[in-house]
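Chemist: Below are the structure tokens for one structure; questions will follow.
The values are calculated or read from the model by the stated rules, or taken from the named source; none is laboratory data. All values derive from a computational prediction rather than experimental measurement. For neighbour counting, all protein chains shown are included, and Cβ atoms are generated from backbone atoms with ideal geometry for every residue, glycine included.
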């Protein structure tokens, strides 16, 4: 993998990545929204604490849901993005 390749989310059995973000705020907001809809989710942070980076590819945070909740979660996140212009999940598309 080249230094400039976009990092891919980890493959985790029975879980799928539905969102990539570079800020805790963005991913936490999505996780809380899904939680309110009774959709289980977990956050996997790739933030490099040694450099205290909070933006860019060395600070990506991923939101995972169980495979059986993928469609419901993607629909909910699309609705969240449409209703809140400050929420930007464009990075999570195509994951």
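Chemist: Could you check how many residues of the stretch 1-47 are in contact with a helix residue (DSSP H, G or I) (Cβ under 7 Å, 6 or more places away or on another chain), modelled with pLDDT of 80 or more, outside any helix (DSSP H, G or I) and on the phi < 0 side of the Ramachandran plot?
Modeler: Selection size over the stretch 1-47: 11.
Chemist: For the stretch 70-85: of the residues being free of Cβ contacts under 8 Å to residues at least 24 places away in the same chain and either assigned to a helix (DSSP H, G or I) or in contact with a strand residue (DSSP E or B) (Cβ under 9 Å, 6 or more places away or on another chain) (or both), which is farthest from residue 16 (Cα to Cα)?
Modeler: Result: 83.
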